[in-house]
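S.K.: Below are the structure tokens for one structure; questions will follow.
The values are calculated or read from the model by the stated rules, or taken from the named source; none is laboratory data. Fair warning: this is a prediction, and the values are worked out from it, not measured in the lab. Ideal geometry is used to build each Cβ from the backbone, glycine not excepted, and the neighbour counts take in all protein chains shown. All accessible areas refer to the heavy atoms of the entire protein, side chains included, with ligands and DNA or RNA removed. Shrake-Rupley method; radii C 1.70, N 1.55, O 1.52, S 1.80 Å.
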Amino acid sequence: MFRVESAVQIDAAGVHYRDLNARLRDAVEDGAERIELHNVFGQRYIGTDLHRPVEIHIYGTPGNDLAAFMDGPRLVVHGNVQDGCGNTMNGGEVIIHGRAGDVTGYSMRGGKIFVRDDVGYRVGIHMKEYQGQCPTIVIGGTAQHFLGEYMAGGVLVVLGLTLQPGQQHVAEFIGTGMHGGVMYIRGELEEYQLGREVGQVPLDDEDRALLGELMGEYCTHFGFEAHEVFSQPFTKLIPLSSRPYGRLYAY
Amino acid sequence: MNGLGRYENPYDQDKVYDACGLFGIMDVRGRRFSRRDVIRAMANMHERGNGLGGGFAVYGCYPERADCYAFHVMYTERDRQPAVEAFLRDHFTLVHAEEVPHQSTPGIVNPPLIWRYFLQLDGKCAPQGEEYVVEKVMTVNTAGQGAYIYSSGRDLGVFKGVGYSEQIAEYFSLADYEGYIWMGHGRFPTNTPGWWGGAHPFSLLDWSVVHNGEISSYGINRRYLEMRGYHCTMRTDTEVMAYIADLLMRRHKLPIEVAAKVIAPPLWSQIERMEPRQRALCRTLRQVYSSLLVNGPFTVIIGREGEMIGLTDRIRLRPLTAAVQGDRLYLSSEEAAIRVVCPEPDRVWTPVGGEPIVGRRGVPLQEDRGIGVWECGSVADRRKLACSESSQQCKLTLPEFTTAI
């Protein structure tokens, strides 16, 4: 480990994830403001167990459960991420210059994830909010099936910027089991694409203000123009019940 | 984790959370290459296994004896060897026999005796061809415990055992082989024992399968297969997948696009929305082959001569990433493992659940091959599967199909 200007440089080639995360913890404890990880190939749990703001740039393909239980740092990934990014993350930001895999934002409790391109299955599964904590995921492209499954809180935004003109989202079972939070999906959805537990409602001024804010952040991160993103209306999805299976499991 | 040494469990964890790791590389022009990339990729997914099973399938590894069935036989009871060899001499022309070369490798303990036999069919049984071979494999494998034919294809070798895949590669000196398809597996056994026969790939004739997940329908699948001459002896769920592949795609001659709809059928709600011909075919497949629906979470890579197929369960409960670069197709549990050996692929994507990714020898990899919408019509034309639009009934007209069901 050595310092170049203000950034701590770490070469991750061949380093086991436990050792890599230990080095990250040491660097953060030593007061690093910015850390750059190079040659990352599948190391898991990067960013876990870090509890204060610090900017970490990741070059390569980080492994599963990136930012798991993370609380405070900003991770900027210059590449794609695998499955389980943001697992039970509590605070901070993950900015992905690429695509993200399945179960992104799994049980996320706070903080923000921005994905420039597409995401896999079950994104936002069981994310939740409590008092001041409201997790947010913004997906620039489109999502695969079971988006927002069992979602219990937070905000999930899908922009569909990778869709061709006239092409629609193909995700099905959107919001199956959803019982909290809100989803905004740019473009139209067919009824069959939605889970039984969600309903479509019109956007109000508060929604538009929130979207405006998040769009602004997305465009800043990835260099898009805000007017491109707003060119199409959004579908807003909310849960029909806060306890959809209450009658199923408890009589 | 009991019984794991420092190598398998360097941090002395009492519980390890993992899942099997899969990797496959194919050169669709059929050019053979070394083990180097598949082992680097598997080593990169070391975390996914726990040292209780590793293995490889190598297509094109016996070019000098490509016309022979190459039987790899595992003797967990060494005294079974004379009887098995006598059986093979009685029923085949034995061209060559030898112990599978291996070397002492740290971490590999109590290996069974493993021999390979290069066999040809003599005149009178040649017409029965592959059916004859399947029957003889099943006869040996069910003749009492202790001897297992776990590789029986032509120009194909399966090398597997208890250990990490990197160790297994070293144990069998895979540096001495080349192939145009390499499939690798690192095992994390969950429900069944970690023994030499239970390591992946599972193979019969030129089929081989590596798998991540659990086949919850194992009992139903197994009973259906047993009635058709396939007997499960390896004590692991994945075994049925190799036999299902052989039954559907060799015996019943279904193309992979159709076989995928049997193994990982669309949900009924999705079938209801299909156009009539496709709906009729999918309904018929679910009715006729309900016992071959593979339930539970799975990702498999299936190999056969000249073909490598990736497939996940219909709601993708296990990961699969595909990539292409030039003439190479890559299938992997993790994208990072692909990038270790192919840093800048032309394209990387995750297929939708139930959609097969297929690489075929002699067919250039195209941008959208294997991931597009499945066309009932084109399959019907190509393989003589006829669907009647008016009756919304689907009649599968292959003679083998009607006689075999």
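S.K.: In nm, give the distance between the simple-model label positions of B:L94 and B:R235, each being 7 Å from the Cα along the Cα-to-Cβ direction.
M.R.: The modelled label-to-label distance comes out at 2.8 nm.
S.K.: Need one number: buried accessible surface between chains A and B, 1.4 Å probe, both sides summed, DNA, RNA and ligands left out, in Å² to 100.
M.R.: 2100 Å²
S.K.: Continuing with the same structure: So what is the 222 nm mean residue ellipticity for chain A from helices alone, if each DSSP H run of at least 4 adds -39500 (n - 2.57) and you divide by all residues, rounding to the nearest 500 deg cm²/dmol?
M.R.: It lands at -4500 deg cm²/dmol.
S.K.: Using a cut-off of 9 Å between beta-carbons, work out the net charge of the residues near B:G55 (Lys and Arg +1, Asp and Glu -1, B:G55 not included).
M.R.: +2
S.K.: With each pseudo-label sitting 7 Å past Cα toward Cβ, what's the A:R25-A:H51 distance in nm, one decimal?
M.R.: With each label point 7 Å from Cα toward Cβ, the separation is 1.1 nm.
S.K.: What is the local net charge at B:E307, summed over the other residues whose Cβ is closer than 11 Å to its Cβ (Lys, Arg +1; Asp, Glu -1)?
M.R.: Combined, the nearby Lys, Arg, Asp and Glu give +1.
S.K.: Of all the C-alpha pairs in the range B:210-263, what % are more than 12 Å from each other?
M.R.: 64 percent
S.K.: Would you report the distance distribution of C-alpha pairs in the range A:133-184 as whole percents per 5 angstrom bin, up to the bin with the largest distance?
M.R.: 6, 20, 28, 25, 13, 6, 2, 0
S.K.: What Kirkwood hydrodynamic radius, in Å, does the range B:31-138 give when the mean of 1/r is taken over all pairs of distinct Cα atoms and then inverted?
M.R.: It is 16.5 Å.
S.K.: Next up: Compute the orientation-averaged projected area for the range B:138-264 from the convex hull of its Cα atoms and round it to one decimal in nm².
M.R.: So the mean shadow area of the Cα hull is 8.3 nm².
S.K.: Same structure again: At 222 nm, what helix-only mean residue ellipticity would chain B give, in deg cm²/dmol to the nearest 500, using -39500 (n - 2.57) for each DSSP H run of four or more?
M.R.: After summing the helix terms and dividing by the residues of chain B, the value is -7000 deg cm²/dmol.
S.K.: To the nearest 10 degrees, how steep is helix A:205-222 against the longest Cα principal axis of chain A, on a 0 to 90 scale?
M.R.: Here the helix axis deviates by roughly 30 degrees.
S.K.: Here's another thing I want to ask about it. How many Å³ per residue does the convex hull of the Cα positions in the range A:1-77 occupy?
M.R.: 72 Å³
S.K.: Also, I was wondering about something else. Could you tell me what percent of the accessible area of the protein assembly as shown is made up of carbon and sulfur, with a 1.4 Å probe and every protein chain present?
M.R.: Carbon and sulfur atoms account for 48 percent of the accessible area of the protein assembly as shown.
S.K.: Between A:R208 and B:R273, how many nm apart are label points set 7 Å from Cα along the C-beta direction?
M.R.: 3.0 nm
S.K.: Which one of B:L121, B:G163, B:A336 has its Cα pushed farthest toward the positive end of the charge dipole of the protein assembly as shown, where Lys and Arg give +1 and Asp and Glu give -1 at the Cβ?
M.R.: Working it through, the farthest residue towards the positive pole turns out to be B:L121.
S.K.: How large is Rg over Rh for the protein assembly as shown, taking Rg from the Cα atoms and Rh as the Kirkwood inverse mean of 1/r across Cα pairs?
M.R.: That ratio equals 0.99.
S.K.: Compare the peptides B:124-133, B:179-188, A:80-89 by average per-residue count of other Cβ atoms within 10 angstrom and give them in order, highest first.
M.R.: B:179-188, A:80-89, B:124-133
S.K.: In peptide B:331-340, what is the residue-averaged number of other protein chain Cβ atoms found within 10 Å of each Cβ?
M.R.: Per residue, the number of nearby Cβ atoms from other chains is 6 on average.
S.K.: Moving on to the next point. At 4 °C and 1.567 mPa s, what whole-number value in µm²/s does Stokes-Einstein give for the translational diffusion of the range A:29-116, with Rh from the Kirkwood sum over Cα pairs?
M.R.: Translational diffusion coefficient: 106 µm²/s.
S.K.: Here is a further query. Per q in 0.10, 0.13 1/Å, what log10 I(q)/I(0) does a Debye calculation on the alpha-carbon atoms of chain A return?
M.R.: So the normalised log intensities are -0.47, -0.77.
S.K.: Right, another one. Would you tell me the mean number of C-beta atoms belonging to other protein chains that fall within 10 Å of each C-beta in B:347-356, as a whole number?
M.R.: 3
S.K.: So what are the range B:229-361's ellipsoid semi-axes, whole angstrom, largest first, if each one is the square root of 5 times an eigenvalue of the alpha-carbon gyration tensor?
M.R.: Semi-axes from the Cα gyration tensor: 26, 19, 14 Å.
S.K.: Ignore the peptide's own chain and count Cβ atoms of other chains within 10 Å of each Cβ in A:189-195; give me the average, rounded.
M.R.: Counting Cβ atoms of other protein chains within 10 Å of each residue's Cβ and averaging gives 1.
S.K.: So, in the protein assembly as shown, how many Lys pairs have Cα atoms under 23 Å apart, if the pair is 8 or more places apart or on different chains?
M.R.: Going through the protein assembly as shown pair by pair, I get 12.
S.K.: Out of all Cα-Cα pairs in the range B:292-357, roughly what percent, to the nearest whole number, are more than 15 Å apart?
M.R.: 51 percent
S.K.: Sticking with this structure for a sec: I'd like to compare A:145-158, B:163-176, B:140-153: which one has the highest average count of other Cβ atoms within 10 Å, and what's the full order after that?
M.R.: Packing proxy ranking, top to bottom: A:145-158, B:163-176, B:140-153.
S.K.: If you build the Cα gyration tensor of the range B:155-211 and take the root of 5 times each eigenvalue, what three semi-axes come out, in whole angstrom, biggest first?
M.R.: Value: 19, 15, 9 Å, ordered largest first.
S.K.: Also, quick follow-up: To the nearest Å, what is the center-to-center distance of the range A:76-134 and the range B:283-297, using C-alpha atoms only?
M.R.: The range A:76-134 and the range B:283-297 have Cα centres spaced 35 Å from each other.
S.K.: In Å and whole numbers, how far do the C-alpha atoms of chain B stretch along each principal axis, longest first?
M.R.: Cα extents, longest axis first: 65, 53, 39 Å.
S.K.: Can you give the translational diffusion coefficient of the range A:67-176 in µm²/s, computed by Stokes-Einstein from the Kirkwood radius over Cα pairs at 4 °C and 1.567 mPa s?
M.R.: Answer, rounded: 98 µm²/s.
S.K.: Average projected area of the Cα convex hull of the range A:68-110, in nm²?
M.R.: That works out to 2.4 nm², a quarter of the Cα hull's surface.
S.K.: Over all alpha-carbon pairs in the range A:150-251, figure out the percentage whose distance exceeds 20 Å.
M.R.: Counting every Cα pair in the range A:150-251, those more than 20 Å apart make up 43 percent.
S.K.: When the dipole is taken about the Cα centre of the range A:74-186, and only Lys, Arg (+1) and Asp, Glu (-1) are charged at their Cβ, what size is it in debye, to the nearest 20?
M.R.: Dipole size: approximately 240 debye.
S.K.: So, one more: Tell me, what is the FRET efficiency for B:Y132 and B:E344 to the nearest 0.05, using R0 = 51 angstrom and their Cβ-Cβ distance as r?
M.R.: After rounding to 0.05, the efficiency reads 0.60.
S.K.: Based on the alpha carbons, how large is the Rg to Rh ratio for the range A:193-251 when Rh follows Kirkwood?
M.R.: With Rg and the Kirkwood Rh in hand, the quotient comes to 1.17.
S.K.: Could you give the size of the charge dipole of chain B about its Cα centre, using +1 on the Cβ of each K and R and -1 on the Cβ of each D and E, expressed in debye and rounded to the nearest 20?
M.R.: Roughly 920 debye, rounded to the nearest 20.
S.K.: With +1 assigned to the C-beta of every Lys and Arg and -1 to the C-beta of every Asp and Glu, and no other charges, what is the dipole magnitude of the range A:5-133 about the Cα centre in debye, to the nearest 20?
M.R.: I would put it at about 360 debye.
S.K.: Using a 10 Å cut-off on Cβ atoms, rank the peptides A:50-56, A:117-123 from the highest mean neighbour count down.
M.R.: Going from most to least packed, we get A:117-123, A:50-56.
S.K.: What is the sum of charges, Lys and Arg at +1 and Asp and Glu at -1, for the other residues whose Cβ falls under 14 Å from the Cβ of B:I263?
M.R.: Surrounding charge for B:I263 is 0.
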